[in-house]
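Worksheet: one structure, shown below.
The values are calculated or read from the model by the stated rules, or taken from the named source; none is laboratory data. Note that the structure is a prediction, hence the values are computed from the model and not measured. Here the Cβ is made from the backbone with ideal geometry for all residues, glycine too, and neighbour counts use every protein chain on show.
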């Protein structure tokens, strides 16, 4: 359905209460920009619109979004607990050529103040900023 305006006569996919499957339906009425009454194009039964269950891809996307929101909330909480210990005056300016070790306080021109959480091997560190954890390049 996307961002287009829904109207009577359009075809939408929905769960049929008789067929017990996801089938095409003709929209008979629209309520609050959503299908109200529909007619199944397979069995011709008229009923209220039933949203089809999410596809596997949609479920995976929703799960990934939920995990991302949870991680962002955890990062925000960790940032709040670490912020009092970060001294702005002792912060190193971030540079891709810089050398950073765990617990260094870093000032980034875009992300602001952050603390190095860990070294990730060759030329990368994970830095916790106010808006989340970022993998950054370094020496």
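For residue 61, are the conditions met, namely being surrounded by 12 or more Cβ atoms within 10 Å (Cβ to Cβ), closer than 30 Å to residue 14 by Cα and without any contact (Cβ under 8 Å) to a residue 12 or more places away in the chain?
Yes: the conditions hold for residue 61.
Given the options 105, 22, 38, name the one that is touching a helix residue (DSSP H, G or I) at 6+ places or on another chain (Cβ under 8 Å) and surrounded by 12 or more Cβ atoms within 10 Å (Cβ to Cβ).
Testing whether each residue is touching a helix residue (DSSP H, G or I) at 6+ places or on another chain (Cβ under 8 Å) and surrounded by 12 or more Cβ atoms within 10 Å (Cβ to Cβ) leaves just 105.
Residues to consider are 118, 126, 85, 137; find the one that is more than 30 Å from residue 13 (Cβ to Cβ) and at pLDDT below 90.
Step by step, each of 118, 126, 85, 137 is checked, and only 85 is more than 30 Å from residue 13 (Cβ to Cβ) and at pLDDT below 90.
If residue 55 passes every condition in (1) out of contact with any strand residue (DSSP E or B) (no Cβ under 8 Å at 6 or more places or on another chain); (2) at pLDDT 90 or above but one, which one does it miss?
The single condition residue 55 does not satisfy is (2).
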